[in-house]
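A.B. asks: Take this structure first; my questions come after.
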Amino acid sequence: MLAIGLVVDDAIVVVENIQRRIDEGEPAIVAAQRGARQVFFAVVATTIVLMSVFAPLMFMPGFTGRLFVELAVAVAAAVGFSALLALSLSPMLASKLLRPAKGEGWVAQKVDAGMHKLRDSYHASLEGMLGKPAVSMTASGMVLVLAGLAVVVFNVLPKELTPEEDRRRAQVMIVGPEGAGYDYTRQAALQLEQILERYRQEGILERYVLSIPRFGGGGGSFNGAGGNTMLREDAEITTQEYAARLNRELSSLTAVRAIVSPEGGLQRGGPGGGGGGSSVQLVATGSEYPEIERWIRPILAAAETNPGLARPRLDYEPTSPRVVVDIDRDKAAALGVSAQAIGRALESMFGNRRVTTYIKAGQEYDVLLQTDRSNRQTEDDLKKLYVRSASGEPVPLASLVTTRVRGDTPDRSRVDRLRSITLTAQLNPGYSMGEAIDFLQAEADKQPGQVSVKWGGGARDYLESSGAVGAAFAMALLLVFLVLAAQFESWIHPSVIMLTVPVAALGGLFGLLVADSSINTYSQIGLIILVGIAAKNGILIVEFANQLRDEGLSIREAVIESASLRLRPIIMTSISAAAGAIPLIVWGGMGGEARKTIGVTIFFGAIFSTMVTLFVVPVFYNMLGRWTKSPQATARRIEAFEESEKTRVANAAE
């Protein structure tokens, strides 16, 4: 869908130029050949520029980079094929189908009359502007002001990984106190299920599923549960509103901590937490867990007072009760009982041990050795256990060991082989990922100690994508400039054309401001695409002005005539690019927020850059054109030299 507004640009330029020559009296076949040849360089230049813009997206690293490889390849290939067809199929069809524009309908007559008036007014404006020092200074100041405004708007807009997307799914997580077992967690989950069932009967939820213990929780921890809820498509409530409402209701569950988070636009698993735009994770790494805990506790306290963050928590809670069994090794050795035998007995009776397998009906089943649950509930149950000595006599385990209870953490996380503690918090509606990262980083900078900060979850993806897209944007600017420099054989022509980029960027950022959107992965991709769209209009004016200069016109006359003649195709191609973005803006559904972000960026950027480019490019071309020459000037000098040589040889032969 994004490519629709771009692939028709080349055909518009070719067909419009052919139609103009036909209206001026040339035969259709001659107009097709001359018209296509006249805009050949412009079509090739704009195509290579657009493909150069998408080239950096193909090599973006990381998780988000893989997301846009298909976009870059598909749109670049479509643009390339459109140029090929515009320079081959379009002239052939134009030579057979186009006729002088006479006897059109009422609408066509009104449109042509309006375009003629607009072109005459535009021509007169350029006549009055170009060549005046005040206009040149004003244009230079305007470009600087617009570039400064683009920077200001960029800094004002909130920054996040992805926009809030209503995907009609929300995740539910229950965390009980450390040491809580399956029965305790199940009772809390049943209370949660009653609440979810009420939402389903009210027509808000379509279905829900809960898992006890939480799937993927790992570590044999039974104090957690989790699940997913799916909202009905016709529910008159967004996923974010539903999550906020349910979180407020679940705050009354004092037995457990229940958290509901909307599903973000980007989801992935793996170490460090999944992606998504609804949670931020600060990972503190150091040498010792107590030291890291002392360092991160003040940050947790600050996060609890931040209204933009919800349910901040640590993954390190050294309060889980553990029974420590100390073996009297001297007594065990005297009775002929090995430490391995004691450990095996504890594993078999109080844990579980797979001793063998058996096959039934073609299926293989594990045989697990474990004592009855009633015999492994308390610390006193250890006194009922016997182990065998080397002589085969049973020995009471209580005579060989002593027990004590202490608090410990069920998991000891590591990141990059370093001990780590992770602070996780949900983002409340209206609080962006960039604001959360800045807040947590500022709090971390206040803490003393040798503790390093890393980021996980959505924060990690946000930082990776921001750096990758920023590098892709810079690479796109560099590639476009180098491609234009190679094609125009000049450093000045590309500079004149690239002056339109900050104007286009300001238009795209203004669109985000109007749409109440943010700087995110999708809007940054839209800004990269705007680089090619903005440069296209400048190429049409500069390239045709160079041709007119070759025909003997002055720089001022050439750029005025070029801008006036190229006004119609510039407006048509800009409208097509903006119109191609309209379906992205108005089409809702799942993922509609992401499409809208790209759409408003391209729509406002294309319109705004076109309005300003029509005056900025002619002014700067008139200022700097005296130090340039046409790309065809060298070829024409060679052709003139060859013609003079042929004439000299012919005269010598006579």
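The values are calculated or read from the model by the stated rules, or taken from the named source; none is laboratory data. Quantities reported herein were computed from a predicted structural model and do not represent experimental measurements. Here the Cβ positions follow ideal geometry from the backbone for every residue, glycine too, while neighbour counts run over all protein chains shown. Ligands, DNA and RNA are stripped out before the accessible areas are found, and what is left, the full protein with its side chains, is counted by its heavy atoms. Shrake-Rupley method; radii C 1.70, N 1.55, O 1.52, S 1.80 Å.
A.B. asks: Of all the residues that make up the stretch 292-321, how many are acidic (D, E) and in contact with a Phe, Trp or Tyr (Cβ under 9 Å, 6 or more places away or on another chain)?
C.D. replies: 1
A.B. asks: Now for a separate question. Take the residues in the stretch 345-365 that are of a type in the set (D, E, K, R) and at pLDDT below 85; name whichever of them is surrounded by the fewest Cβ atoms within 10 Å (Cβ to Cβ).
C.D. replies: Of everything passing the filter in the stretch 345-365, R354 is surrounded by the fewest Cβ atoms within 10 Å (Cβ to Cβ).
A.B. asks: Still on this structure: With a cut-off of at least 1 residues that are under 17 Å from the mean Cα position of the chain (by Cα), name the helices (runs of 4 or more DSSP H) lying wholly within the stretch 416-505.
C.D. replies: Of the helices (runs of 4 or more DSSP H) lying wholly inside the stretch 416-505, those with at least 1 residues that are under 17 Å from the mean Cα position of the chain (by Cα) span 433-446, 457-488.
A.B. asks: Quick check on the stretch 243-257: of everything there that is within 33 Å of the chain's Cα centre (by Cα) and hydrophobic (A, V, I, L, M, F, W, C), which residue is farthest from Q194 (Cα to Cα)?
C.D. replies: A244
A.B. asks: For the stretch 586-602, does any single residue satisfy the condition of being within 21 Å of D10 (Cβ to Cβ) and either open to solvent by 10 Å² or more (accessible area, probe 1.4 Å) or outside any helix (DSSP H, G or I) (or both)?
C.D. replies: No, every residue in the stretch 586-602 fails to be within 21 Å of D10 (Cβ to Cβ) and either open to solvent by 10 Å² or more (accessible area, probe 1.4 Å) or outside any helix (DSSP H, G or I) (or both).
Residue by residue, here is whether (1) modelled with pLDDT under 90; (2) within 23 Å of E164 (Cβ to Cβ) holds:
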residue: N223; (1), (2): yes, no
residue: G226; (1), (2): yes, yes
residue: T229; (1), (2): no, yes
residue: E241; (1), (2): yes, yes
residue: S252; (1), (2): yes, no
residue: A255; (1), (2): yes, no
residue: P262; (1), (2): yes, yes
residue: G265; (1), (2): yes, yes
residue: G277; (1), (2): yes, yes
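A.B. asks: Give R311, R294 a once-over and let me know the one that is of a type outside the set (A, V, I, L, M) and crowded, with 18+ Cβ neighbours inside 10 Å.
C.D. replies: R311
A.B. asks: Still on this structure: If you go through the stretch 364-380 one residue at a time, do you hit one that is touching a strand residue (DSSP E or B) at 6+ places or on another chain (Cβ under 7 Å) and in contact (Cβ under 8 Å) with a residue 40 or more places away in the chain?
C.D. replies: yes
A.B. asks: Which residue is nearest to A32 (Cα to Cα), if the candidates are limited to the stretch 78-132 and must be in contact with an Asp or Glu (Cβ under 6 Å, 6 or more places away or on another chain) and part of a helix (DSSP H, G or I)?
C.D. replies: Top of the filtered list is A86.
A.B. asks: Can you go through I575, I582, I598 and tell me which one is under 12 Å from G526 (Cα atoms) and at pLDDT below 90?
C.D. replies: I598
A.B. asks: So, one more: Quick check on the stretch 368-377. Is at least one of its residues part of a strand (DSSP E or B), β-branched (V, I, T) and surrounded by 13 or more Cβ atoms within 10 Å (Cβ to Cβ)?
C.D. replies: No - not one qualifying residue is present in the stretch 368-377.
A.B. asks: With the requirement that a residue be open to solvent by less than 50 Å² (accessible area, probe 1.4 Å), closer than 17 Å to V175 by Cα and not aliphatic (A, V, I, L, M), what does the stretch 411-431 give you?
C.D. replies: Passing the criteria: T422, T424, Q426.
A.B. asks: Conditions first: (1) surrounded by fewer than 16 Cβ atoms within 10 Å (Cβ to Cβ); (2) within 29 Å of I437 (Cα to Cα); (3) of a type outside the set (A, V, I, L, M, F, W, C). T138 passes all but one, so which condition is the exception?
C.D. replies: Among (1) surrounded by fewer than 16 Cβ atoms within 10 Å (Cβ to Cβ); (2) within 29 Å of I437 (Cα to Cα); (3) of a type outside the set (A, V, I, L, M, F, W, C), T138 violates only (2).
A.B. asks: Could you tell me whether any residue of the stretch 150-163 is open to solvent by less than 40 Å² (accessible area, probe 1.4 Å), under 23 Å from V501 (Cα atoms) and either modelled with pLDDT of 90 or more or in a helix (DSSP H, G or I) (or both)?
C.D. replies: yes
A.B. asks: Listed residues D550, D516; which is free of Cβ contacts under 8 Å to residues at least 24 places away in the same chain and open to solvent by 10 Å² or more (accessible area, probe 1.4 Å)?
C.D. replies: D516
A.B. asks: Does A36 satisfy being within 29 Å of S562 (Cβ to Cβ) and out of contact with any strand residue (DSSP E or B) (no Cβ under 8 Å at 6 or more places or on another chain)?
C.D. replies: Spelling it out, A36 is indeed within 29 Å of S562 (Cβ to Cβ) and out of contact with any strand residue (DSSP E or B) (no Cβ under 8 Å at 6 or more places or on another chain).
A.B. asks: While we're here: Within the stretch 553-567, can you find the residues that are polar (S, T, N, Q) and surrounded by fewer than 24 Cβ atoms within 10 Å (Cβ to Cβ)?
C.D. replies: Correct list: S554, S564.
A.B. asks: Just to be sure, is V496 β-branched (V, I, T), closer than 17 Å to V616 by Cα and either in contact with an Asp or Glu (Cβ under 6 Å, 6 or more places away or on another chain) or free of Cβ contacts under 8 Å to residues at least 40 places away in the same chain (or both)?
C.D. replies: Taking the combined requirement at face value, the residue does not satisfy it.
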